[in-house]
Amino acid sequence: MTRADMIGGLLLSAFFGAALWEASSFQYGTEFAPGPGFAPVWLSAIGLCVSLMIAVHGMRAMRSGEDSEQAAPALEVRGLVRVALTLLGLVAMVLLVKPLGLVASILLFLLYLTLVVQRHGVASAVGASVGTVVFVYVVFVYFLDVPVPTGPLGF
Amino acid sequence: MSLDHLLLGFSLATTPVNLLFAFLGVLLGTIIGALPGIGPSAGVAVLLPVTFGMSPVTAMIMLAGIYYGAMYGGTITSVLINTPGESASVMTTLDGYQMALKGRAGAALGMAAIGSFIAGTISVVLLMVAAPPLAEWAVSFGPPEYFALMVLGLTTLASLTGGSMLKGLAMALAGLLLGTVGIDLMMGEPRYTLGMVELYDRLDFLPVAVGLFAIGEIVYNIYHPIRIEPIKAKLSGLLPTRQDWRDSWGAIGRGTAIGFFVGVLPGAGATIASFLAYATERRVSGRPEQFGTGVIEGVAAPESANNAASTGALVPLMALGIPGSGTTAVMLGALTLYGLQPGPLLMSTHPEVFWGLVASMYVGNVMLLILNLPLAPVFASILRIPYSVLVPIIIGIALFGVYSVENSIFNVGVALLFGGIGFFMRIYGYPAAPLVLALVLGPMLEKALRQSMQMSLGSLDIFFTRPVSAGILAFAVLAALYPVVLSFFARRREQAFAGSR
């Protein structure tokens, strides 16, 4: 247990706390049976206790300087930049589906991922991206008949 | 079990279409198992949408093929590059890689394939024998017994996933809470919908599973790229020698028995089965000191166990409708997507699904033996493809697959959100399997709880006065306490050891 556990435990506590707050507005029970609020109230209350325990364990370990085998590794900045770029690209892809269509936006995302984030050579990036999109298009659109949002290019 | 049912199963499993998809399933499973960084849970979740046009029998045959095929494939990387393809092959690295260094990679892979085949086949027989009577017995179960069974599944998975039990428990609770999202089916009240119409129906499990298992894992690999060492071992002599057989037959038998029974237990699974089988083999061996230096029974035992466990895990899934692991949770979700009602009645209302699956597993294990013996070098060559090339392929299939379930971009957004969350969970040691299992079980668990309390006019006594539910809940408490007690004694032993020094 580490500082990361303390922060993780506190974040989880916030999640369960918010869920408990929201759950308090649901109908807790009827005369002889639990209502829609019963499970959410109990689950979020127990979740809150468990996550606070995680945070307290982390805090105690920090104070005592205990080094545990589960200690989280220090985050690598370069790796985090790659992750942030990937997640931003994925969000942009979702936003581009409406104007460009699903196939084109996934293709653009894969090209961005391989060229910008992973820094592949142009040939392997284009090959992997176009090959993947052609494969999924054939499987899902051609064989499984899944209707996909199309863009100005017609796919 | 009757012969008619088995014949029905074989008549279905041997149709050209089902043979083709069984082959595709075990082939893809072997590849998924061989690739470090993508496990069977992610493989089954990502490929689930591909099965939508198929009949439920064909789809289950293919998904199960991916699941047990991955157990075969995981061995290849464990032996050749000392990196387990999936967690159930971790123990195989200990002796498998040492054998490869001594020039016996072929023998290790050969014995792993043969051991897996024997364990897989025997455990299909056990599945066939155990599941139908269990389902018949479970027909008499009421909501309290079902509630207790689901609690047992969640508790054991949360406490046995490795790492911190508190984190496993927190993830299971988060999954159960996410399972309450949507309009309450009994009273019609919307819960946690955040004003989004898409959430009124409930939060789909597949985008969450794909996000946590596949996208989260891929993002982690972008953060921390996998570097696959070049294969130095030569692959020859795949068939075991007479001495190898003499050393391994007992290990295969014990591994099969341990694997199957551990697999049946909700929450335990193939990884724990392989650990237990290895530890048992070391204890009963006449040469325990040589374990870890390249003894063949150190490969045969865990490999037999993980295959038997993957089949054992199908017993609670098919007989009770209760999955015990992340992968079987995705398979349970698949059953509901095909319009089937999982549970003890499945075997009587849709016998073709269970018996078709059982028969296909006999065929699938033969296919895997053929694939893994002469074709092991071909699978090994897959490891020469840089992992970074596979990243866009897996993400592309995952995104398209998630969209295709309900033709919904919202689901793609959910998958991305959980992909991001899954990345941080991976870094900080929060297991994903309890969350996905709880999300799948959550609505059923809540329904069983509310029905039980309606039966008892609001009293919780009903869970403790009915012997079966009381017994199962007691077992769940034991399962939850087991790691706590274990760590308490380990700490005591450490303190005593430090004191004596």
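The values are calculated or read from the model by the stated rules, or taken from the named source; none is laboratory data. Please read these numbers as outputs of a predicted model, since none were measured by experiment. Cβ sites come from the backbone with ideal geometry, for glycine too, and all protein chains shown count toward neighbours.
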For residue B:449, which of the numbered conditions (1) among the hydrophobic types (A, V, I, L, M, F, W, C); (2) within 24 Å of the chain's Cα centre (by Cα); (3) closer than 23 Å to residue B:170 by Cβ; (4) facing chain A (nearest Cβ under 10 Å) fails to hold?
(2)
Wholly within region B:316-380, which helices (runs of 4 or more DSSP H) include no fewer than the required count, namely at least 3 residues that are surrounded by 22 or more Cβ atoms within 10 Å (Cβ to Cβ)?
B:326-337, B:351-372
Test: residue A:107 is touching a helix residue (DSSP H, G or I) at 6+ places or on another chain (Cβ under 7 Å) and at pLDDT 90 or above
yes
Please list, ordered by residue number, the helices (runs of 4 or more DSSP H) wholly in region B:191-271 having 3 or more residues that are at pLDDT below 90.
B:216-223, B:242-264
Any chance region B:120-129 includes a residue that's within 13 Å of residue B:299 (Cβ to Cβ) and either in contact (Cβ under 8 Å) with a residue 40 or more places away in the chain or not aromatic (Phe, Trp, Tyr) (or both)?
no
The lone exception for residue B:327 - which of (1) more than 15 Å from residue B:128 (Cα to Cα); (2) out of contact with any Pro (no Cβ under 7 Å at 6 or more places or on another chain) it fails
(2)
Wholly inside region A:36-155, helices (runs of 4 or more DSSP H) that include 3 or more residues that are facing another protein chain (nearest Cβ under 10 Å), in contact with an Asp or Glu (Cβ under 7 Å, 6 or more places away or on another chain) and over 20 Å from residue B:401 (Cβ atoms) are A:38-64
Looking at region B:1-65, what helices (runs of 4 or more DSSP H) fall wholly within it and have at least 1 residues that are among the hydroxyl-bearing types (Ser, Thr, Tyr) and over 18 Å from the mean Cα position of the chain (by Cα)?
B:3-13
Does any residue of region B:75-88 turn out to be surrounded by 24 or more Cβ atoms within 10 Å (Cβ to Cβ), within 15 Å of the chain's Cα centre (by Cα), away from chain A (no Cβ under 14 Å) and of a type outside the set (D, E, K, R)?
yes
Within region B:437-485, restricting to residues that are within 21 Å of residue B:187 (Cα to Cα), surrounded by 14 or more Cβ atoms within 10 Å (Cβ to Cβ) and among the hydroxyl-bearing types (Ser, Thr, Tyr), the one that is modelled with the lowest pLDDT is B:456
The correct count of residues that are among the β-branched types (Val, Ile, Thr) and touching a residue at least 40 places away in the same chain (Cβ under 8 Å) in region B:385-401 is 4
Matching residues in region A:12-35 - criterion: being more than 9 Å from chain B (Cβ to nearest Cβ) and either surrounded by 16 or more Cβ atoms within 10 Å (Cβ to Cβ) or modelled with pLDDT under 95 (or both):
A:13, A:17, A:20, A:24, A:25, A:28
Kindly indicate which of B:409, B:421 is within 14 Å of chain A (Cβ to nearest Cβ) and either under 22 Å from residue B:317 (Cα atoms) or within 24 Å of the chain's Cα centre (by Cα) (or both).
B:421
Just to be sure before I move on: is residue B:217 farther than 29 Å from residue B:120 by Cβ and not aliphatic (A, V, I, L, M) in the structure I sent?
no
Residue B:378, sole failed condition from (1) more than 30 Å from residue A:7 (Cβ to Cβ); (2) more than 7 Å from every other protein chain (Cβ to nearest Cβ); (3) touching a residue at least 60 places away in the same chain (Cβ under 8 Å):
(3)
Filter region A:13-70 for residues that are over 17 Å from residue B:430 (Cα atoms) and touching a residue at least 60 places away in the same chain (Cβ under 8 Å); the one that is farthest from the chain's Cα centre (by Cα) is A:66
